[in-house]
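Structure first, commentary second.
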Amino acid sequence: MKRRNLILNIVLILLVAVFTIYAQKNMDAYKLRILNLCAIYTILGLSMNLINGFTGQFSLGHAGFMAIGAYTTALLTMKIEFKEQIFYMKPLIYPLNSISMPFLPSLLIAGFLSALVGYMIGAPALRLKGDYLAIATLGFAEIIRVIITNAQSVTNGALGIKMIPTYTNLYWSFGFAVLTVVFMFLLINSSYGRAFKAIREDEIAAENMGINLYKHKMMSFVIGAFLAGLGGGLLGNLLGTIDPSMFKFVLTFNILLIIVLGGMGSISGTVISAFIITILGEVLRFLDKPMNLGFIKTPGIPGLRMVVFSLLLMIVVLFFRDGLMGTRELSWDSIQNVFVKFRKLVGKGGVKNESFEG
Amino acid sequence: MGLATFFQHLTNGVSLGSLYALIAIGYTMVYGILRLINFAHGDIFMMATYFAFFAIFIFHMHWFIAFIVAILLTVLLGMGIEKAAYKPLRDAPKISVLISAIGASFLLENLATVVFGGIPKPFPTPSVFNDMVILGGVRVQKLTFYIPAVTIILLIGLAYLINKTKSGMAMRAVSKDVETASLMGIDVNRTISITFGIGSALAAVGGIMWALKFPQIQPLMGVMPGLKCFIAAVIGGIGSITGAVIGGFFLGIMEIMLVAFFPTLAGYRDALAFILLIVILLFKPTGFMGEKMSEKV
């Protein structure tokens, strides 16, 4: 069984790889952009689910970590002559103004920087619980945004950064998404993962079992921050322009919607719902634009899309609290079970027919 | 800095602080009873200003009647949100209720954007509030005095309501222990509704006075004051009404003084509240007035 699952997993990853190569070569820019966003939101959703869903620490600071990741990658990868052009209000400080690095090291630096900030935020914030933690992390994200808006000689302030090299393509985004999914499965099924879940279920009981609460919460938080920084970096180099207003609470809200819909504490659920929400976000874009329904023309109503999204979040929380997957996972065994059940159903029908003929 | 200028900053701080205090009470009352951050509270505050705006501009009401209508509508809205978004989740995990609250907040913001439009609208300030008085050589808007005065009157009313009336007693009982309170024959749902109603009414008064002071309203105007007032409630000690008032005044005065004394840090004004929050949570998590809560195992 184990061997079969391993082979199937490898086949699945190969299929994703083939699809990625095919899509990158044949699809138009619009579709590529959506697919890239899907993969990036998968990474972001998983990173938030690690903290909120698996460890049960309600953190709302993702926009801040993403901002750190996006700005770091953007500043490291940009061409030096563009930097001079863009930072015309206040010149960029040394050494940032004289370096231009390849994508991969920049992304990793972005991730580590974000993880470091995560550590510094987590040290005080993780002593708090529940809604206090939520508001404190939200506050930290807001502080990060305010600092970015004001530190003009590093971030160009409210003007934002333009002409970021658009390195992100499907190879990068799907590559990192697959790596993240594999990493998450390994992490969650390790002893650390079990400790995370124990903390989620009951902190006091977990502590009594000898789990170091602070260490494990911090670990989950720092890994989550790393992945969020990575996702932010990929996003910045996909869009090509970033500014502080991008990293408002709305961004965190979108990721929250993904993990709530997918199921708090389910990796496969997060992946599915990241694709659903991202594609839905594009499909519903028509709501914000003027519509021509043949006999009647409605003017564009900006914001209607977000109304749908907030309603969706509330409906899921109020009526389908587990989301798509709850804490369950889609595994080869569960798929096989569905097949077996299906065959049994068909089989029963067959038996009836035989008796009828007899 | 001359004494006159300092006095001017102080009055500004006090009037901003009173607004924070009014909104913070709504947070603290709801938290006291449901142990829930009512994320939608800031947006209820925003809706109140739109109600008042439309009552004056579309229905041409006298400003006084318009404000009363706006407050009543806001109370209904607050109670409605509680019924729709929080009541079905009474027995659900805390995180679900929090997510529902975030959803309700976003829904209000975006509905307001869709229905009212995202462009800021000018709020009419009746001249009663706009006139200037000269006090010790400083020109001060009359509103600056009305705001703390109204706040104090409302606070006295609230203190009476909570300490002397039956509903107030029910509220205090429910916030101590929901189950025991319901065994004693208190209608918990009704009490919670009343709490939301009172909180929303205070937010509406705060919102209208906010709009008179900063006469421009837009759908996202409630987000920052909402977060800051929650922080004010935490600073004062969440669950305690006196605490919320102290926290509100403290935060308001600190904010104005930060900008007055360190103009270069003006850009960080919005971060101040969060920094204060983190400092308070680290060193005195129960706030100035909070009771120590022990955890039940």
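The values are calculated or read from the model by the stated rules, or taken from the named source; none is laboratory data. Fair warning: this is a prediction, and the values are worked out from it, not measured in the lab. Cβ atoms come from the backbone with ideal geometry, glycine included; neighbour counts cover every protein chain shown. Just the protein is used for accessible areas: all its heavy atoms, side chains included, with ligands, DNA and RNA removed. Shrake-Rupley method; radii C 1.70, N 1.55, O 1.52, S 1.80 Å.
Output the number of the condition that residue B:186 fails; it satisfies all remaining conditions of (1) within 12 Å of another protein chain (Cβ to nearest Cβ); (2) assigned to a loop (DSSP other than H, G, I, E, B); (3) in contact with a helix residue (DSSP H, G or I) (Cβ under 6 Å, 6 or more places away or on another chain). (1) is the only condition that residue B:186 fails. For segment A:116-151, taking the residues that are free of Cβ contacts under 8 Å to residues at least 12 places away in the same chain and more than 10 Å from chain B (Cβ to nearest Cβ), the one that is surrounded by the most Cβ atoms within 10 Å (Cβ to Cβ) is identified as A:116. Annotation: residue A:221 fulfils all but one of (1) open to solvent by less than 30 Å² (accessible area, probe 1.4 Å); (2) outside any helix (DSSP H, G or I); the unmet one is (2). List the residue pairs whose Cβ atoms are under 8 Å apart, where the first residue sits in segment A:173-198 and is more than 23 Å from residue A:105 (Cβ to Cβ), the second is among the small types (Gly, Ala, Ser) and in a helix (DSSP H, G or I), and the two are 6 or more positions apart or on different chains. Matching pairs, first to second residue: A:187/A:193; A:195/A:206; A:196/A:220; A:198/A:205; A:198/A:206. Restricting to segment B:125-178, and then to whatever is loosely packed, with under 13 Cβ neighbours inside 10 Å and among the hydroxyl-bearing types (Ser, Thr, Tyr), can you tell me which residue is farthest from residue B:24 (Cα to Cα)? Among those residues, the one meeting the criterion is B:127. With respect to the conditions (1) within 14 Å of chain A (Cβ to nearest Cβ); (2) open to solvent by less than 10 Å² (accessible area, probe 1.4 Å); (3) touching a Leu at 6+ places or on another chain (Cβ under 8 Å); (4) in a helix (DSSP H, G or I), residue B:37 lacks only one, and its number is (4). The residue pairs whose first member lies in segment B:68-91 and is within 14 Å of chain A (Cβ to nearest Cβ), whose second member is outside any helix (DSSP H, G or I), and whose beta carbons are closer than 6 Å, counting only pairs six or more residues apart or on different chains, are B:81/B:40. Scanning segment B:11-32 for residues that are crowded, with 24+ Cβ neighbours inside 10 Å and either within 14 Å of chain A (Cβ to nearest Cβ) or without any contact (Cβ under 8 Å) to a residue 60 or more places away in the chain (or both), which turns out farthest from the chain's Cα centre (by Cα)? By that ranking, first place goes to B:30. Cβ separations smaller than 6 Å between residues 6+ apart or across chains give the following pairs from segment A:90-107 residues that are farther than 15 Å from residue A:156 by Cα to residues that are among the basic types (Lys, Arg) and open to solvent by 70 Å² or more (accessible area, probe 1.4 Å): A:100/A:79. Scan segment A:50-82 residue by residue and report those that are in contact with a Gly (Cβ under 7 Å, 6 or more places away or on another chain) and within 24 Å of residue A:199 (Cβ to Cβ). Within segment A:50-82, A:50, A:51, A:53, A:54, A:58, A:65 qualify.
Let's see how each residue does on (1) touching a Lys or Arg at 6+ places or on another chain (Cβ under 8 Å); (2) over 18 Å from residue B:223 (Cβ atoms); (3) among the hydroxyl-bearing types (Ser, Thr, Tyr); (4) in the same structural domain as residue A:49 (by TED's automatic domain parsing):
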position	(1), (2), (3), (4)
A:228	no, yes, no, yes
A:240	yes, yes, no, yes
A:254	no, no, no, no
A:260	no, yes, no, no
A:263	yes, yes, no, no
A:266	yes, yes, yes, no
A:271	no, yes, no, no
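Would you confirm whether or not segment A:279-295 contains a residue that is surrounded by 21 or more Cβ atoms within 10 Å (Cβ to Cβ), modelled with pLDDT of 90 or more and away from chain B (no Cβ under 14 Å)? Within segment A:279-295, none of the residues are surrounded by 21 or more Cβ atoms within 10 Å (Cβ to Cβ), modelled with pLDDT of 90 or more and away from chain B (no Cβ under 14 Å).
Within the set A:90, A:79, A:83, the sole residue that is charged (D, E, K, R) and within 14 Å of chain B (Cβ to nearest Cβ) turns out to be A:90. For segment A:299-306, the criterion of a residue being away from chain B (no Cβ under 14 Å), under 24 Å from residue B:220 (Cα atoms), in a helix (DSSP H, G or I) and at pLDDT below 85 is satisfied by no position. The residues in segment B:184-197 that are without any contact (Cβ under 8 Å) to a residue 60 or more places away in the chain and closer than 17 Å to residue B:91 by Cβ can be counted, and the count is 1. I'd like to know if segment B:256-269 contains one or more residues that are of a type in the set (A, V, I, L, M, F, W, C), surrounded by fewer than 23 Cβ atoms within 10 Å (Cβ to Cβ) and not in a helix (DSSP H, G or I). Within segment B:256-269, one or more residues are of a type in the set (A, V, I, L, M, F, W, C), surrounded by fewer than 23 Cβ atoms within 10 Å (Cβ to Cβ) and not in a helix (DSSP H, G or I). Given the structure, is residue A:228 under 30 Å from residue A:165 (Cβ atoms), open to solvent by less than 10 Å² (accessible area, probe 1.4 Å) and in contact with a His (Cβ under 6 Å, 6 or more places away or on another chain)? For residue A:228, the condition - under 30 Å from residue A:165 (Cβ atoms), open to solvent by less than 10 Å² (accessible area, probe 1.4 Å) and in contact with a His (Cβ under 6 Å, 6 or more places away or on another chain) - is met.
Given the criterion within 16 Å of the chain's Cα centre (by Cα), farther than 28 Å from residue B:91 by Cβ, within 14 Å of chain A (Cβ to nearest Cβ) and surrounded by 20 or more Cβ atoms within 10 Å (Cβ to Cβ), identify the matching residue among B:211, B:273, B:233.
Of B:211, B:273, B:233, the one residue that is within 16 Å of the chain's Cα centre (by Cα), farther than 28 Å from residue B:91 by Cβ, within 14 Å of chain A (Cβ to nearest Cβ) and surrounded by 20 or more Cβ atoms within 10 Å (Cβ to Cβ) is B:273.
In a residue-by-residue description of segment A:237-254, the property of being more than 14 Å from chain B (Cβ to nearest Cβ), in a loop (DSSP other than H, G, I, E, B) and open to solvent by 40 Å² or more (accessible area, probe 1.4 Å) applies to at least one position. I'm trying to understand the selection: among the residues of segment B:92-136, which are in a helix (DSSP H, G or I), among the small types (Gly, Ala, Ser) and within 14 Å of chain A (Cβ to nearest Cβ)? Correct list: B:96, B:100, B:101, B:103, B:104, B:105, B:112.
Quick grid of which residues meet (1) in a helix (DSSP H, G or I); (2) open to solvent by less than 10 Å² (accessible area, probe 1.4 Å); (3) closer than 30 Å to residue A:99 by Cβ:
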{"residue": "A:19", "(1), (2), (3)": "yes, no, no"}
{"residue": "A:24", "(1), (2), (3)": "yes, no, yes"}
{"residue": "A:32", "(1), (2), (3)": "yes, no, yes"}
{"residue": "A:38", "(1), (2), (3)": "yes, yes, no"}
{"residue": "A:51", "(1), (2), (3)": "yes, yes, no"}
{"residue": "A:59", "(1), (2), (3)": "no, yes, no"}
{"residue": "A:64", "(1), (2), (3)": "yes, yes, yes"}
{"residue": "A:72", "(1), (2), (3)": "yes, no, yes"}
